[in-house]
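What follows draws every value from the coordinates through simple rules; no lab data is involved. Small disclaimer: the values here were computed from a predicted structure and weren't measured. Cβ coordinates were reconstructed from backbone atoms using ideal geometry, including for glycine residues, and neighbour counts include every protein chain displayed.
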Amino acid sequence: VRRLQDVGEQAWIARLVRRLAAGGRDRRVIVGPGDDAAVLRSGSRPLLLTTDSLVEGVHFRAGWLTPAGLGRRAFAVNASDLAAMGGTPTFALLALEAPARTPAADLETLAVGFASAARRAGARLVGGNLVAGPRLGVGATLLGEAPGRVVTRAGARPGDVLYVTGTLGGAGLVVRRLAAGGRGRLPEPPCRLAAGGLLARVARAMIDVSDGLLQDLGHLCRASGVGAEVHAERLPVARSCRRVLEDRAAVFAATAGEDYELLVAIPPGSGRTLERLRPRLGCRLTAVGRVVRGRPRVRLLDGAGRTCRVVRPGFDHFA
Ligand SMILES: [Mg+2]
């Protein structure tokens, strides 16, 4: 028996997506499985649909988050996938799994935290489910729409400049410290819905950085049929990460994940439009590399142009 631990999360998903695609196209499906969100033809505007869950013992441990913080995070990680398509959330479903001993008020605070995060983003929690289970699990499904263009992971071309929003490595560093038994709380993921909507006007391809910049860039490259080069010294490494990890900070920031920032491929000719959008993004936007011709390989380059050795490009649930 080939087990998930033998196959790995990414390879398992890739195989399933190929198998589903072999079943033929459905004209109601604009973007099917394999991107940050599905895009469907339903009514006059494309409908976006995405789902993700947070499971105790896998994504967090007891004490890493307050109940309300966990609810907000469950919304934020899903909203991040919509932002990566240039979309914005409209409605949400919340599927909870909890042990019988869970304090009832905590679970309610969690759901209210999710609902308030949704409302702040212009969305409504309209339904859900609760089942008994061995540990706390928070699954969310978000519906959304795109005010303008929908941007997928496919579409990047050689010569495009790669940009990343915000900073990298800060959240990953906290997770590393917490996992090692340290105290503290997981930081809240940034909300890049506004930035995603604006960047969609100029982006050829976009993905959110949840599992590590190099790994998520690899997904974008495979979907686009291109390679990429990232300059380690250009990465917007979080100050905390630089201070603690010093000369190892850039590789850590490029692979740690948990950032929920946007990685965008923009044609080199869009510089002026981009400068006009920049003040409205609500966050930093840093050029970190470029898209190159060739097979979908991602190289991290040091200051001298040498390829950095990277042991693991990002997070995989089973590998
Ligand atoms: Mg994503």
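Points to keep in mind about this one:
- Working ranking of peptides 135-145, 49-59, 276-286 by packing, defined as the average number of other Cβ atoms within 10 Å per residue, highest first, is 135-145, 49-59, 276-286.
- Size of segment 120-243 as Cα extents on the principal axes (Å, biggest first): 50, 41, 26
- Within the chain, helix-based [θ] at 222 nm, where runs of 4 or more DSSP H residues each add -39,500 (n - 2.57), nearest 500: -9500 deg cm²/dmol
- Ranking Ala249, Leu285, Leu263 by how far each Cα lies toward the positive end of the dipole of segment 211-288 (charges on Cβ) leaves Leu285 at the top.
- In this structure, the amide hydrogen of Thr152, modeled 1.01 Å from its nitrogen in the peptide plane, lies closer than 5 angstrom to those of Met206, counting only residues at least 5 positions away or on a different chain.
- Ranked by the mean number of other Cβ atoms within 10 Å per residue, highest first, peptides 168-174, 79-85 order as 79-85, 168-174.
- Its Cα gyration tensor gives the chain an equivalent ellipsoid; the semi-axes, largest first and in whole Å, are 29, 24, 20.
- Listed residues Ala154, Phe114, Val39: farthest to the positive end of the dipole of the chain (Cβ charges): Ala154
- Cα centre as origin, Lys/Arg/Asp/Glu Cβ charges: the chain dipole, Debye: 740
- Going from the fewest other Cβ atoms within 10 Å to the most, the residues Asp208, Asp247 appear in the order Asp247, Asp208.
- Taking every DSSP bridge with both residues inside the chain, close to 75 percent are antiparallel.
- Virtual spin-label span in nm between Ile30 and Phe91, 7 Å along Cα→Cβ: 1.8
- For the peptides 10-17, 97-104, the ranking by mean Cβ contacts within 10 Å, running from highest to lowest, is 10-17, 97-104.
- In this label model, Ala154 and Val244 are separated by 3.9 nm, measuring between points 7 Å along each Cα→Cβ vector.
- Residues whose amide H comes within less than 5 Å of that of Val209, counting only those at least five positions distant or on another chain, are Tyr260, Glu261, Leu262, Leu263 (H built at 1.01 Å from N in the peptide plane).
- The slack between Arg3 and Ala105, meaning 0.36 nm per residue of separation minus the straight C-alpha distance, is 32.9 nm.
- Vicinal HN-Hα couplings computed from phi for segment 13-28 (Karplus, 6.51 cos²θ - 1.76 cosθ + 1.60; Hz; Gly/Pro x): 5, 4, 5, 5, 4, 4, 5, 5, 5, 5, x, x, 8, 10, 5, 7
- Local net charge near Asp316, Cβ-Cβ under 11 Å (Lys/Arg +1, Asp/Glu -1): -1
- Between Arg278 and Val126, the C-beta separation translates, for a Förster distance of 51 Å, into a calculated FRET efficiency of about 0.90.
- Distance in nm between pseudo-label sites at Arg61 and Val17 (7 Å out along the Cβ direction from Cα): 3.2
- Counting other Cβ atoms within 10 Å as a rough exposure proxy, the listed residues His317, His219, His231 run His317, His231, His219 from fewest neighbours to most.
- Karplus-based coupling profile of segment 203-209, in residue order and whole Hz: 6, 8, 8, 8, 8, 8, 9, with θ = phi - 60° in 6.51 cos²θ - 1.76 cosθ + 1.60 and x standing for Gly or Pro.
- In sequence order, segment 277-290 has phi-based couplings of 6, 3, x, 9, 5, x, 6, 5, 9, 10, 6, 10, x, 8 Hz under the Karplus curve 6.51 cos²θ - 1.76 cosθ + 1.60, θ = phi - 60°, and Gly or Pro positions carry x.
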